[in-house]
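Asks: One structure, as structure tokens, below. Some questions next.
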Amino acid sequence: MGMNVGSESTTEDEGIVDINTTPLIDVMLVLLIMLIITIPLQTQAVSIDLPQGNPPPSTQETPVVTLAVDFDNTITWNGQPISGEDDLQARLREAATGPAETQPEVHLQPNRLADYKTVVHVMADAQRLGVTKLGIVGQEQFAEGQ
């Protein structure tokens, strides 16, 4: 009694037709090792002069301007309504005059229901006219669940 391993249809004369992947894997690993070896090491150093110690506290208090965009897209400057585009640009131009250290901080307060186009237009005008200290405040109204 003999034991036949494998399927019954195979005879001893038939060869195995599967591709041998061992040499392909060996070549791939050699190429990977060569790639890792040839990658240049980051040996460049950048010297940075960092400040030493704590800077003295600022003696000047920076003024703050609140620029609000309401739900009906009306714009107010510190609570006073702005009459139009020219008035907004004049006030932004006035806020942008002088060196950056003395410019007031412009806090943009968009309403949740305000048009995106209006808010972006105000931000673009501020950037174009030279306002360097611009921040968006009142983001808690956009939090989920409110």
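Asks: Take the range 110-120 and flag every residue that is part of a loop (DSSP other than H, G, I, E, B) and surrounded by 12 or more Cβ atoms within 10 Å (Cβ to Cβ).
Replies: Passing the criteria: ASN111, ALA114, ASP115.
Asks: Could you tell me whether any residue of the range 52-64 is of a type in the set (Gly, Ala, Ser) and within 30 Å of LEU113 (Cα to Cα)?
Replies: No, the range 52-64 contains no residue that is of a type in the set (Gly, Ala, Ser) and within 30 Å of LEU113 (Cα to Cα).
Asks: Could you tell me which of the residues ILE25, ILE82, ILE39 is at pLDDT below 85 and open to solvent by less than 100 Å² (accessible area, probe 1.4 Å)?
Replies: Step by step, each of ILE25, ILE82, ILE39 is checked, and only ILE39 is at pLDDT below 85 and open to solvent by less than 100 Å² (accessible area, probe 1.4 Å).
Asks: Can I ask one more? For MET123, all conditions in the list (1) of a type in the set (A, V, I, L, M, F, W, C); (2) within 27 Å of the chain's Cα centre (by Cα); (3) over 17 Å from VAL137 (Cα atoms); (4) open to solvent by 50 Å² or more (accessible area, probe 1.4 Å) hold save one; what is the number of the exception?
Replies: (3)
Asks: Pick from PRO56, PRO63: which is in contact (Cβ under 8 Å) with a residue 12 or more places away in the chain and loosely packed, with under 15 Cβ neighbours inside 10 Å?
Replies: Of PRO56, PRO63, the one residue that is in contact (Cβ under 8 Å) with a residue 12 or more places away in the chain and loosely packed, with under 15 Cβ neighbours inside 10 Å is PRO63.
Asks: Next up: Can you pull out the residues in the range 85-101 that are surrounded by 15 or more Cβ atoms within 10 Å (Cβ to Cβ) and either not in a helix (DSSP H, G or I) or not charged (D, E, K, R) (or both)?
Replies: Passing the criteria: LEU88, GLN89, LEU92, ALA95, ALA96.
Yes or no, residue by residue, for (1) touching a Pro at 6+ places or on another chain (Cβ under 6 Å); (2) in a helix (DSSP H, G or I); (3) open to solvent by less than 50 Å² (accessible area, probe 1.4 Å); (4) among the hydroxyl-bearing types (Ser, Thr, Tyr):
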| site | (1), (2), (3), (4) |
| --- | --- |
| LEU50 | no, no, no, no |
| PHE71 | no, no, no, no |
| THR76 | no, no, yes, yes |
| GLN103 | no, no, yes, no |
| LEU108 | no, no, yes, no |
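The values are calculated or read from the model by the stated rules, or taken from the named source; none is laboratory data. In this text, all values refer to a predicted model and were calculated from it rather than measured experimentally. Note: ideal-geometry Cβ built from the backbone for every residue, glycine included; neighbour counts use all protein chains shown. Side chains are part of the model used for accessible areas, which takes the heavy atoms of the whole protein and leaves out ligands, DNA and RNA. Shrake-Rupley method; radii C 1.70, N 1.55, O 1.52, S 1.80 Å.
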